[in-house]
Amino acid sequence: MSKAYLVLSNGKIFEGERIGAKTDAIGEIVFTTGMVGYLETLTDPSYAGQIVIQTFPLIGNYGVISPDFEGKSALRGYVVRELCAQPSNFRSEGALEQYLKENGIPGICGVDTRELTRIIREEGVMNAAICSSVPQTLDAIQAYRVSGVVAAVSCREKTVYPAEGQRRFSVTLIDYGAKRNIVRSLCARGCEVTVVPQDTPAEEILAAAPDGVMLSNGPGDPEENVQCIAELKKIIGKVPVFGICLGHQLTALAMGGRTVKLKYGHRGANQPARVSDGSRTFITSQNHGYAVVAESLAGVGRETFVNANDGSCEGMEYPELRCFTVQFHPEACAGPRDTAFLFDRFIAMMEGE
């Protein structure tokens, strides 16, 4: 392996060994705390524009397993403490190093990911570069912005996925960067799922007369997606709507609410989401850097979940409009399946309950 550097926008430099594609990259650097699920992380479109740090020290030990992919890799770079060169798993199709090369993802290993994580927790999310030599100035790194990522990761054409068993409902999934397990979770419950691009007009969606509309996860600043928000305003209240992650944020903005950027976000499979009345806490899978400001929706919607660590909004509902949304991932790939019942709630809503 050749030498590589991870240069943070605050001037800190980490020396390590290059892995993956032999190219330099700049991105917003974030960390994820999952002990397993590195394949789902690498293939989650919500990481578009970002360099991802895996806090678990050994990555790649079970190799590459394509059925576990959640989408097409969109992240800018990958940072690990130690990369396993010889994976051991009966499902493995090869080493992670080869996957990174084939998908053009530059990475670095042999760096202190604990120190990196501590820096981000204390100073907040910042930009970084993975490079073969230290740049003379930080100008390019500091100037980088995550922008236009929803359009970049969304599908280009409509695709229909048949229901498993008897077809009970038709659901339109608006793809802002959707993870595949959202489709699988709906199909398993008897839904025929039509996945449409993020810029599909509301009139076209409603003309197909779906029983419900699903709003997917996705990357970037939700406020940037002005046209998506405008289309949602025409959809909400017409059919049952269930939103996840970015879909949760876009719904809040369409309802007149606000979103804020978190200091370092929530990424991993161990995020506690507490029911707003304090009756129960669920361990959830999350990947987001922005949060809905629940107070901005007072009199419009009701907060249903809060993050038990920092008190940020984890869920909203708009009962009169047959709409509810959550910040976490009930489809949970990778992660706990504690909140998969929310898909059943969506089914019940489409049944008229």
Subject >> Rg ratio (alpha-carbon, reference 2.2 N^0.38 Å) - the chain >> reply: 0.98
**OP:** Select from G352, G268, H248 the residue farthest towards the positive end of the dipole of region 200-353; place +1 on Cβ of Lys and Arg, -1 on Cβ of Asp and Glu, and compute about the Cα centre.
**Re:** G268
**OP:** May I ask you to rank K238, K101 by accessible area, largest first, using a 1.4 Å probe over the protein chains only?
**Re:** K238, K101
Original post:
So what is the relative contact order for the chain, in percent, with contacts set as C-alpha pairs under 8 Å and at least six apart?
Top reply: 15
Original post:
Antiparallel DSSP bridges in region 1-146: what percent, to the nearest 5?
Top reply: 60
Original post:
For the pair Q136 and R337, what calculated FRET efficiency results from E = 1/(1 + (r/R0)^6), where r is the Cβ-Cβ distance and R0 = 35 Å, to the nearest 0.05?
Top reply: 0.10
Subject >> Along principal axes, Cα extents of region 252-310, largest first, whole Å >> reply: 30, 27, 16
Original post:
Rounded to whole Å and sorted largest first, what semi-axes of the equivalent ellipsoid does the C-alpha gyration tensor of region 152-244 yield via the square root of 5 times each eigenvalue?
Top reply: 21, 15, 11
**OP:** Give me the percent of the accessible area of region 264-353 that comes from carbon and sulfur atoms, probe 1.4 Å, all protein chains in place.
**Re:** 46
Original post:
So for the pair N270, K234, with labels modelled 7 Å out along Cα→Cβ, what separation do we get in nm?
Top reply: 4.6
**OP:** Under 28 Å Cα to Cα from K261, which lysines show up? Leave out anything in the same chain fewer than 8 places away.
**Re:** K12, K72, K179, K233, K234
**OP:** Report, to the nearest 10°, how far helix 113-123 tilts away from the longest principal axis of the Cα atoms in the chain, using its own Cα long axis and a range of 0 to 90°.
**Re:** 60
Subject >> Share of carbon and sulfur in the accessible heavy-atom surface of region 66-160 [1.4 Å probe, %] >> reply: 43
Original post:
In whole angstrom, and with the biggest value first, how far do the Cα coordinates of region 144-195 range along each principal axis?
Top reply: 48, 18, 11
Original post:
Quick one: length gained pulling I13 to Q98 fully straight, 0.36 nm per residue minus the C-alpha distance?
Top reply: 28.0 nm
Subject >> Accessible area expressed per residue, the chain, with surrounding protein chains retained (probe 1.4 Å, Å²) >> reply: 42
Subject >> Charge dipole (the chain, unit charges on Cβ, about Cα centre) - positive-most of G110, M316, T304 >> reply: G110
Subject >> Rg to Rh quotient for region 102-211, alpha carbon positions, Kirkwood Rh >> reply: 1.16
Subject >> Per DSSP, loop trypsin sites (Lys or Arg not before Pro) in region 257-330 with at most 10 further Cβ within 10 Å >> reply: R280
Original post:
Roughly how many debye, to the nearest 20, is the charge dipole of the chain about its Cα centre, given +1 on each Lys and Arg Cβ, -1 on each Asp and Glu Cβ, and no other charges?
Top reply: 260
Original post:
What is the spin-label model distance, in nm, from K3 to I65 if the labels are put 7 Å beyond Cα along the C-beta direction?
Top reply: 3.8
Original post:
Which whole-number percent gives the relative contact order of region 35-166, counting Cα pairs below 8 Å spaced six or more residues apart?
Top reply: 23
**OP:** Provide the FRET efficiency to the nearest 0.05 for the D310-E203 pair, computing r from the beta carbons and using R0 = 35 Å.
**Re:** 0.35
**OP:** Determine, for each peptide in 189-197, 175-183, the mean count of other beta carbons within 10 angstrom over its residues, then list the peptides with the highest first.
**Re:** 175-183, 189-197
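The values are calculated or read from the model by the stated rules, or taken from the named source; none is laboratory data. Bear in mind that the values here come from a model prediction, so they are computed numbers and not experimental data. Because the Cβ atoms are built from the backbone with ideal geometry, glycine has one as well, and the counts that use them run over all protein chains shown. Areas reflect the complete protein model, heavy atoms only, side chains present, ligands, DNA and RNA absent. Shrake-Rupley method; radii C 1.70, N 1.55, O 1.52, S 1.80 Å.
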